[in-house]
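Novice: Sharing a structure here in structure tokens format.
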Amino acid sequence: MDKLAMLGGTRTVPRDRRIPKWPVVTPDDEEAVRRVLASGRFTTASSGEKEIAGLEREWARETGTRHCVAVSNGTTALSLALAAAGIGPGDEVIVPALSFIASAIAPLHVFAVPVFADIDPVTFNVDPAAVEAAVTPRTKAIIVVHLHGLPADLTELMAVAERHGLTVIEDAAQAHGARYHDRPAGSFGAINTFSLNVSKNLATCGEGGLVTTDDADLYRRATMMRQFGEVIPRRGSRSYVSHLLGWNHKPAAIQCAFTRSQLARFGRESELRDQNVRHFLGRLAELPWLHVPTAPDDRTHVWHILRFRVDPEPFGLGPEFAGPLRSVVMRALRAEGVPATHYQLMPLPAQRLFQSPLPGVDRKYRGEDHPNTLRVIDGSFTIQKAHLHPDARPLLDLYADAAAKLWAHRDVIAAEAKSLDYTPPWREAEEIADAEWDG
């Protein structure tokens, strides 16, 4: 086999083999956008607007919930859900230490206090035992993130919430269509959220978000808070009376129409993605140095992001080389044309935001308090977006060929890892942050 591309060999993935564009945009999607433009009705403030209500109705049916509220993006969906649930100043909200920053800043938007809990090192989702250990008399809610498209352990987490009288909010931003005990993600919590960001499995042509609930009062509050605390009639004149503290979190009708069109083929595209990814992971699972993502029997994975853990032992290395090995593997894969990358360089509590004074927050945040999160960040890498397109299988086969090539040159990879002057990802992130801040 040719020598590694990072040492001058031929790339496994030819340079002209690009990641397929995502989302797929069809003539039906384009017609949906034109339909809104022709209507002249662009937001929930437009009397008689149909696309927003249509998406809400269809997503409620998809998730098996009674109500859905469309909003401007996934972050506003989280903030709105917290506010509608009555979470406010001084209340503690438990959040996974590994997630996108939106999961952690949404509590700050309602002047609540994020409290971080460590993750399970296999599923990458929040550990129910860590959640229980984080509960205090001030705890009011748990944000349960279904990271990368795999539902968290909802049985245990709902039990923790019931024991302590806590509100559960599912952050299903990456888990559209995932199921737990054959029930859709986003239907378990009191109120739940999704993102429709252009990168998601179910996307819009920009930004959007969805809130789901079975509770009629939470639905009414969320709908009012979405638009300045007003009651907006389906038809007729707007009163401009604000009954509650609200925001301007309205969605755009164009985005909702685009997503409705995407939703019409969402099931079929999800099936094809599942087939392609399982084929890809099956090939990678034959390599002894990679731990591929899996799903327990009681839930489904929708593969929004693929996270791989490296195993130093087959390379003849001790566990302390997980980080250096991951670093070399990422560099080698990228040279071969595989878009291996990080998803988050540091635990959320180590973010600069949480090292600064925050209104109403009287606790000290430390990344080192979450060892599983640190180990996962140090010893794993991800593939994002490249696998989402229904026609991605040939490209994924090339990625698998590249991983096999690395294993064929394992002595070179091991030697590189042993000689590496290694900096952990969170230290890299701190250096990047210093440079950005200094301008």
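The values are calculated or read from the model by the stated rules, or taken from the named source; none is laboratory data. Predicted model, so just to flag it, every value in this text is computed and none were measured. Please note: Cβ atoms are built from the backbone with ideal geometry, for glycine as well, and neighbour counts cover all protein chains shown. What goes into the accessible areas is simple: the full protein's heavy atoms, side chains included, and nothing from ligands, DNA or RNA. Shrake-Rupley method; radii C 1.70, N 1.55, O 1.52, S 1.80 Å.
Novice: Excluding same-chain residues fewer than 8 positions from Lys385, which aspartates and glutamates have a Cα within less than 19 Å of its Cα?
Specialist: Asp16, Glu207, Glu269, Glu271, Asp274, Glu336, Asp397, Asp401
Novice: Could you work out the local net charge near Ser99, counting Lys and Arg as +1, Asp and Glu as -1, over the other residues with Cβ closer than 14 Å to its Cβ?
Specialist: For residues surrounding Ser99, the net value is -4.
Novice: Sequence neighbours fewer than 8 away in the same chain don't count; with that in mind, list the lysines whose C-alpha is under 23 Å from Lys250.
Specialist: Reachable lysines: Lys50, Lys200.
Novice: In terms of Cα to Cα distance under 20 Å, which lysines are near enough to Lys3, apart from those fewer than 8 places away along the same chain?
Specialist: List returned: Lys405, Lys418.
Novice: Using modelled backbone amide H atoms (1.01 Å from N, in-plane), which distant-in-sequence or interchain residues come within less than 5 Å of Val144's amide H?
Specialist: Excluding prolines and chain starts, which carry no amide H, the hits are Ile169, Glu170, Asp171.
Novice: Follow-up question, since we're still on this one. The stretch 161-237: Rg/Rh from Cα coordinates, Kirkwood Rh?
Specialist: 1.04
Novice: Rounding to the nearest 10 and keeping the result within 0 to 90°, find how far the Cα-based axis of helix 74-84 lies from the longest principal axis of the chain.
Specialist: 50
Novice: Taking 8 Å as the Cα distance limit and 6 or more residues as the minimum spacing, I'd like the relative contact order of the stretch 38-141 as a percentage.
Specialist: About 21 percent, as a whole number.
Novice: How much accessible area per residue does the chain have, in Å², with a 1.4 Å probe?
Specialist: With all protein chains present, the chain gives 42 Å² per residue.
Novice: Here is a follow-up. For Glu49, what is the net charge nearby, where nearby means another residue's Cβ is under 11 Å from its Cβ and Lys, Arg count +1, Asp, Glu -1?
Specialist: That sum, taken over residues with Cβ under 11 Å, equals +4.
Novice: Let me ask another. Any chance you could give the angle, 0 to 90 degrees and rounded to 10, that helix 425-438 forms with the longest Cα principal axis of the chain?
Specialist: On a 0 to 90 degree scale, this one is about 60.
Novice: Cβ under 12 Å from Val160's Cβ, Val160 left aside: what net charge do those residues give with Lys, Arg +1 and Asp, Glu -1?
Specialist: -4
Novice: While we're on this one: When the helices in the chain are scored as -39500 (n - 2.57) per DSSP H run of 4 or longer and the sum is shared across all residues, what 222 nm value do you end up with, to the nearest 500 deg cm²/dmol?
Specialist: -12000 deg cm²/dmol
Novice: Here is a follow-up. Tell me, what ³J(HN,Hα) does each residue in the stretch 326-341 have, in order and in whole Hz, if you take phi through Karplus 6.51 cos²θ - 1.76 cosθ + 1.60 with θ = phi - 60° and put x for Gly and Pro?
Specialist: So the Karplus estimates, Gly and Pro as x, are 4, 4, 5, 4, 4, 5, 5, 5, 5, 5, 7, x, 9, x, 5, 8 Hz.
Novice: Under the definition of Cα pairs under 8 Å and six or more residues apart, what whole-number percent is the relative contact order of the chain?
Specialist: The normalised contact order for the chain reaches 20 percent.
Novice: Where does helix 266-284 land angle-wise versus the long Cα axis of the chain, in degrees 0 to 90, nearest 10?
Specialist: Once rounded, one gets 20 degrees.
Novice: In the chain, what percent of the accessible surface is made up of carbon and sulfur (1.4 Å probe, ligands and nucleic acids excluded)?
Specialist: 51
Novice: Normalised by the residues of the stretch 151-304, what does the relative contact order come to in percent, with Cα pairs under 8 Å and at least six apart?
Specialist: Across the stretch 151-304, relative contact order equals 21 percent.
Novice: Is the C-alpha gyration tensor of the stretch 124-198 telling us rounded, prolate or oblate? Criteria: a/c under 1.5 is rounded; beyond that, a/b larger than b/c is prolate, otherwise oblate.
Specialist: prolate
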